[in-house]
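Readers should treat all values here as calculations from the given coordinates under stated rules, not as data from a laboratory. Given the structure is predicted, the values throughout are model-derived calculations rather than measurements. Note that we place each Cβ from the backbone using ideal geometry, even for glycine, and neighbour counts take in every protein chain shown.
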Amino acid sequence: MAKTQRSRKVERVIMHRSISAVLIPVALALSTFAAGQQQPDNQDKHLDIQSSAGDLHVGTDADARKVGLPLYPGARPRHDADSGKASVNLGILTEAFGLKLLVAKYDSDDAPARVIGYYRDKLRKYGKVLECHTHEHGGDINADVDDEKPGSKDLKCEDSDGPVTELKVGTDDNQHIVAVEPRDSGSGSTFALVYVYTRGKKGDI
């Protein structure tokens, strides 16, 4: 009998899983949370669900400190015009898998090259820094959960060109990413600080 694979891609802030018992409540919870984001206030919002299928936490309280990196001097939290605060704190914990995703977005008046240089130095404490280029705004995030193939995989560049510069360090199941791009206004930068941690059935989160 062929081995069952549990390997899925996390692309930006969405994780696709084949476990329907988890997907349905997660989808409903995220829809409810997204609707709550439309309220015109600046307070951090969060949603916590505990069930027999697993636990879910969704919040907007992600920041540079929680990601594990210093904040670039003078940077300001980014706010999306439609959904408000552009930060995500997502945690999913079940018997089959676990996911921790933190995304904090900021604006800076400095050029992208200066922000990239700053975070290239700060990321070195986590290991060798890989520089990539992509068209994915906010970074091209991929994570695998595969109990049938023990051991972590090294990170790699998913694209070879694009306006977004990604700095990556770590492994596919424990990674830090900084994605930097020019601001839409033509001056300054916008950047995302990302932390992703996953585990399979046998791990802890």
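Test of understanding: ordering Val180, Val129 by Cβ neighbours within 10 Å, fewest first, what list do you get?
Final ranking by Cβ density, sparse to dense: Val129, Val180.
Cα atoms only, the range 68-139: Rg and Dmax in Å?
14.7, 45
Would you mind ranking Val178, Val88 by Cβ crowding within 10 Å, fewest neighbours first?
Least crowded to most crowded, the residues run Val88, Val178.
Please give, to one decimal in nm, the separation of the simple spin-label points placed at His135 and Glu95, each 7 Å out from Cα toward the Cβ.
Label-label distance for His135 and Glu95, simple model: 4.3 nm.
In nm, to one decimal, how far is the modelled label at Tyr126 from the one at Arg183, with both set 7 Å along Cα→Cβ?
Calculated label separation equals 2.5 nm.
Could the peptides 166-173, 190-197 be put in order, highest first, of the mean number of other beta-carbon atoms found within 10 Å of their residues?
Most protected by this proxy first, the peptides run 190-197, 166-173.
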